[in-house]
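The values are calculated or read from the model by the stated rules, or taken from the named source; none is laboratory data. Values in this document were obtained by computation on a predicted structure and should not be read as measured data. Glycine gets a Cβ as well: all are built from the backbone with ideal geometry, and neighbour counts include every protein chain shown. We work out accessible area using only protein heavy atoms, side chains counted, and drop any ligands, DNA or RNA first. Shrake-Rupley method; radii C 1.70, N 1.55, O 1.52, S 1.80 Å.
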There are 2 protein chains.
Amino acid sequence: MDAHLVEVTRGGRVESSHMGSAIVVDADGAVLFQAGDIEAPVFTRSAIKALLALPLVETGAADRLGLSDAELALACASHVGEPIHAQTAASMLRKAGQDPGCLECGIHWPTSRAGQRALFETGQEPSALHNNCSGKHAGFVCLACDNGDALAGYVRPEHAVMRKVTEAAADMTGANMDAGNRAIDGCSIPTYAIPLRSLAYGFARFGTGAGLHPDRARAATRLRRAVAANPVLVAGEGRFDTRLMQAFGLSVFSKMGAEGMHVVSLPEQGLGIAVKCSDGASRAAEVVIAALVARSIEATPEQYALLDGCMRPSLRNWNGIEVGELRPAPAFAQDKQGAG
Amino acid sequence: MDAHLVEVTRGGRVESSHMGSAIVVDADGAVLFQAGDIEAPVFTRSAIKALLALPLVETGAADRLGLSDAELALACASHVGEPIHAQTAASMLRKAGQDPGCLECGIHWPTSRAGQRALFETGQEPSALHNNCSGKHAGFVCLACDNGDALAGYVRPEHAVMRKVTEAAADMTGANMDAGNRAIDGCSIPTYAIPLRSLAYGFARFGTGAGLHPDRARAATRLRRAVAANPVLVAGEGRFDTRLMQAFGLSVFSKMGAEGMHVVSLPEQGLGIAVKCSDGASRAAEVVIAALVARSIEATPEQYALLDGCMRPSLRNWNGIEVGELRPAPAFAQDKQGAG
């Protein structure tokens, strides 16, 4: 059963509402908070990207190719196609001796105004570099080239690169990832439906390194540092994940995924958080993530103010008039206090 | 209680799902189909625009100002800011002796690529003409100017224009619209929370003219003809409402609203349809509208093919690979057959 997670109000009435599930778990697997069904399989989508990036670092490929922290952050990103995102992906490919023609993620227009403007003003069409997953794919290309694998078909489940990154994600989450729970993601790589609990557990371990091989624990730390140092690269100017990590630095790793997925790793508390909004709405997943981070972390007044704003974002119309807000649903908010 | 309306699948599994309510009613108020709570008040948002446009026509203002069918269609529109939309709104204002500076809808970027491109390529910033509600607002300005009302503050509930259009909408739907159920819409005019049943009833009457004053019945017919002749103006190239009305002409009037609202009027069957997706998702409301139109209307094979495609749109990723689909939820689909 889904839990009632978020309300959207207008003029004091509830206009819309969002259901879903949410969990906070520690690196031993102990559940500290849950709402909704945390065992039902959900497609992790882009929320799992950082776990897929582990082999790029732990194999030594990133070092051998001289990838920068900005490039490692982009390997974990769902970006909005700003010029810096496209340029960073292109740079990763150059280091692997490749060009954008090798990317198998497909092409879409940048979702940011800055990215659109850059193309319109120069009369260019978008390329695979503007795909929100171009950094992840450039990372796969780097991993394949470093290992001498043939590139073509690297998005297929049976390709050496995809087997390597899937194995890392399955190991981190403890979840099964095979043909039985597989589907195709927006960028054509496999995505697997796993329990929300497993996903959160994977990100608790991503933060603490507990029980991981030392190479993997070091890789996780390096990726978290790379992202914390480059929060604009992992999402984009003004976006939720970027704002959160600009405010919290290494203390909060946050990553959205399509269809209302979201994960957080809190390394200092040793916790992983995962949310699935059942209707796929990211606006609701962000409210829940902000609420769960606020109840899990020690923060400065400025950091709490940011979380409060993300927990109860006011809705303003085109004239800037406040017409309503998003807020945690009463049951969810109460749960939060009861456990506080 | 909300009903389970739509499923979103990926690789054969349900990835996301949408709840809400839906109704088909005739012009006598008899309910032919219902799912979910049809009495709970919902904000009608832009789904009600055509009813708000009635006074512009029935008072004779549209004729006195020489408004074209394209301009009347735009008065009922939520458009995507293509050049034709902005130009048509500007033309309405000129006929009222006004310029875009009088619009009180606020400014936002066009949501269509064509509209964005037109601005970027000429180095322009968006104006109120690009607001998706600019045609409705231009219609309000025409109504005010024709009647000699002062323009400033025309979006306020107490302004003569807003009282006139609200009275028309309340009369058509039979629903109360006052300070007790009022909030502010995205474009700053009032929006009222009324039963979904009332909204559908209003659009059944909009189609048949049953029980309406002859001036109003004529105005409704004129608006439906204007929209049917200009389906691109009421939404935009490739959008759901536009495609439906391009295929069905005068036989289907269809209009979306924000937060998962949607209405349809089927004049030949004497039916009104209204849907509210409780999480606010338009993708789900469109599936339900297509399913309810399909069960309510006699259509050609080409028209059925369009409805089928809208009822079960396949989801394709950036490489064009089919990764899943949207479809009516099993309970909803069964209901449909049971009543067919």
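Pick out the one residue from B:266, B:212, B:250, B:196 that is within 23 Å of residue A:279 (Cβ to Cβ) and either within 14 Å of chain A (Cβ to nearest Cβ) or out of contact with any Leu (no Cβ under 8 Å at 6 or more places or on another chain) (or both).
The conditions single out B:196.
Residue under question is residue B:166, and the condition is that it be closer than 30 Å to residue B:249 by Cα and β-branched (Val, Ile, Thr); does it hold?
yes
When the residues of the range B:37-60 are filtered to those that are within 14 Å of chain A (Cβ to nearest Cβ) and out of contact with any Lys or Arg (no Cβ under 8 Å at 6 or more places or on another chain), which remaining residue is least open to solvent (accessible area, probe 1.4 Å)?
Taking the candidates together, the pick is B:44.
Could you check how many residues of the range A:251-298 are over 21 Å from residue A:192 (Cβ atoms) and of a type in the set (A, V, I, L, M, F, W, C)?
14
Assuming residue B:67 fulfils every condition listed in (1) part of a loop (DSSP other than H, G, I, E, B); (2) within 13 Å of chain A (Cβ to nearest Cβ); (3) open to solvent by less than 20 Å² (accessible area, probe 1.4 Å) apart from one, which condition is it?
The one condition residue B:67 does not meet is (2).
Checking the conditions here, which among A:157, A:126 is part of a loop (DSSP other than H, G, I, E, B), within 14 Å of chain B (Cβ to nearest Cβ) and in contact with a Leu (Cβ under 7 Å, 6 or more places away or on another chain)?
A:126
Identify the residue in the range B:11-31 that is within 30 Å of residue A:184 (Cα to Cα) and aliphatic (A, V, I, L, M) and, among all such residues, is farthest from the other protein chains (Cβ to nearest Cβ).
Filtering the range B:11-31 for residues that are within 30 Å of residue A:184 (Cα to Cα) and aliphatic (A, V, I, L, M), the one farthest from the other protein chains (Cβ to nearest Cβ) comes out as B:14.
For the range B:312-329, state whether one or more residues are open to solvent by 10 Å² or more (accessible area, probe 1.4 Å), in contact with a Lys or Arg (Cβ under 9 Å, 6 or more places away or on another chain), within 19 Å of residue B:253 (Cβ to Cβ) and touching a residue at least 12 places away in the same chain (Cβ under 8 Å).
no
Sort out which residues of the range B:282-311 are within 18 Å of residue B:203 (Cα to Cα), open to solvent by less than 10 Å² (accessible area, probe 1.4 Å) and small (Gly, Ala, Ser), and write them in order of number.
Correct list: B:285, B:290, B:291.
Step by step: first the residues of the range B:140-171, then only those that are open to solvent by 10 Å² or more (accessible area, probe 1.4 Å) and β-branched (Val, Ile, Thr), then the one that is nearest to residue B:63 (Cα to Cα). Which residue is that? Write out each step before concluding.
As a first pass, look at the range B:140-171 and keep what is open to solvent by 10 Å² or more (accessible area, probe 1.4 Å): B:145-153, B:155-160, B:163-164, B:166-167, B:170-171.
Checking which are β-branched (Val, Ile, Thr) leaves us with B:155, B:166.
On the way: B:155: 23, B:166: 21 Å.
The selected residue is B:166.
Mind counting the residues in the range A:270-292 that are within 18 Å of residue A:245 (Cβ to Cβ) and without any contact (Cβ under 8 Å) to a residue 60 or more places away in the chain?
The number of residues fulfilling the criteria is 5.
Can you tell me how many residues in the range B:16-64 are in a strand (DSSP E or B), farther than 16 Å from residue B:328 by Cβ and over 18 Å from the mean Cα position of the chain (by Cα)?
3
List every residue pair whose Cβ atoms lie under 6 Å apart, where the two residues are 6 or more positions apart in sequence or sit on different chains, the first residue falls within the range A:97-109 and is aromatic (Phe, Trp, Tyr), and the second residue, located anywhere, is in a loop (DSSP other than H, G, I, E, B) and modelled with pLDDT of 95 or more.
So the pair list comes out as A:109/A:126.
Please go through (1) closer than 24 Å to residue B:43 by Cα; (2) in contact with a His (Cβ under 8 Å, 6 or more places away or on another chain) for residue B:159 and return the number of the only condition it doesn't satisfy.
The number of the failed condition is (2).
Count, please, the residues in the range A:78-110 that happen to be closer than 14 Å to residue A:234 by Cα and surrounded by fewer than 22 Cβ atoms within 10 Å (Cβ to Cβ).
Number satisfying all stated conditions: 3.
Determine which single condition residue B:332 fails, assuming it passes every other condition in (1) at pLDDT below 95; (2) more than 16 Å from residue A:279 (Cβ to Cβ).
The failed condition is (2).
Which count do you get for residues in the range A:172-200 that are open to solvent by 20 Å² or more (accessible area, probe 1.4 Å), in a helix (DSSP H, G or I), touching a residue at least 12 places away in the same chain (Cβ under 8 Å) and within 27 Å of residue A:35 (Cα to Cα)?
Of the residues in that region, 1 qualify.
Spot the failing condition for residue A:254; the list is (1) small (Gly, Ala, Ser); (2) assigned to a strand (DSSP E or B); (3) open to solvent by 10 Å² or more (accessible area, probe 1.4 Å), and only one is missed.
All conditions are met except number (3).
Yes or no, residue by residue, for (1) part of a loop (DSSP other than H, G, I, E, B); (2) away from every other protein chain (no Cβ under 14 Å):
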site	(1), (2)
A:91	no, yes
A:98	yes, yes
A:109	yes, no
A:117	no, no
A:120	no, no
A:145	no, yes
A:151	yes, yes
A:170	no, yes
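Of these, A:215, A:279, which one is modelled with pLDDT of 95 or more, among the acidic types (Asp, Glu) and surrounded by fewer than 24 Cβ atoms within 10 Å (Cβ to Cβ)? Walk me through how you get there before you give the answer.
Details: A:279 fails: surrounded by fewer than 24 Cβ atoms within 10 Å (Cβ to Cβ).
Testing whether each residue is modelled with pLDDT of 95 or more, among the acidic types (Asp, Glu) and surrounded by fewer than 24 Cβ atoms within 10 Å (Cβ to Cβ) leaves just A:215.
Residues are listed down the side, and each one gets a yes or a no for (1) closer than 30 Å to residue B:182 by Cα; (2) among the acidic types (Asp, Glu); (3) assigned to a helix (DSSP H, G or I):
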site	(1), (2), (3)
A:242	no, no, yes
A:247	no, no, yes
A:262	no, no, no
A:265	no, no, no
A:283	yes, no, yes
A:295	no, no, yes
A:298	no, yes, no
A:315	yes, no, no
